[in-house]
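Encoded as structure tokens, the structure appears first; notes follow it.
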Amino acid sequence: QVQLVESGGGLVQPGGSLTLSCAASGSIFSISSTGWYRQAPGKQRELVASMDNAGSTYYADSVKGRFIISRDNAKTTVYLQMNSLKPEDTADYYCKMYLRVTIISQVNDYWGQGTQVTVSS
């Protein structure tokens with residue numbers, strides 16, 4: 001059973017910073033890529049940042065230069081450092097990992113439960 005658990009959300013003032021964490025646990029053979037998504041009230045879920053197996057990163061234009069995605073050496077924990085936060089960054093943030101549970105299994109995607117980020121004065 002694979003679980004992704006996010007943490008680090010909360011209330012922050014505009015211009016402030018938060019770092020989100022997403023830890024994967026369970027039977028995992030390998031993790032190929034990870035991503036952070038967000039969903040604001042009344043809006044569709046959108047990709048914020050991602051990192052592939054080689055470490056190449058992608059950022060949505062709205063967060064480029066402010067957010068940084070990283071992971072630990074084991075690739076089982078992924079982080080999203082969020083700087084210069086704006087009220088429009090307010091959303092539920094979710095991590096997603098593409099991984100294999102065994103050497104012969106196909107790659108499947110797994111989602112965390114989400115963590116809320118509110119940017120407000």
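The values are calculated or read from the model by the stated rules, or taken from the named source; none is laboratory data. Since this is a predicted model, take the numbers as computed values, not measurements. Don't worry about glycine lacking a Cβ; one is built from the backbone with ideal geometry, like all the others, and counts go over all protein chains shown. In case anyone asks, the SASA skips ligands and DNA or RNA and just uses the protein heavy atoms, side chains included. Shrake-Rupley method; radii C 1.70, N 1.55, O 1.52, S 1.80 Å.
Rolling a 1.4 angstrom probe over the protein heavy atoms with all chains in place gives the stretch 14-121 an accessible area of 52 Å² per residue. Label Ser25 and Asn108 with points 7 Å out from Cα along Cα→Cβ: what is the distance between them in nm? Rounded to a tenth, the inter-label distance reads 1.9 nm. Under the combined filter of DSSP loop state and at most 13 neighbouring Cβ atoms within 10 Å, the stretch 40-84 retains none of its chymotrypsin sites (Phe, Trp or Tyr not before Pro). When only alpha carbons are used to place a centre, the stretch 99-119 and the stretch 39-75 end up 14 Å from one another. Contact order, relative form, for the stretch 1-120: 36 percent (alpha carbon pairs under 8 Å, 6 or more residues apart, mean separation divided by residue count).
Label-to-label distance for Ser84 and Ser7 is 3.0 nm, based on points extended 7 Å past Cα in the beta-carbon direction. To put it simply, the accessible area of the stretch 1-104 at a 1.4 Å probe is 49 percent carbon and sulfur. The mean of 1/r over all pairs of different alpha-carbon atoms in the chain, once inverted, gives a Kirkwood hydrodynamic radius of 14.5 Å.
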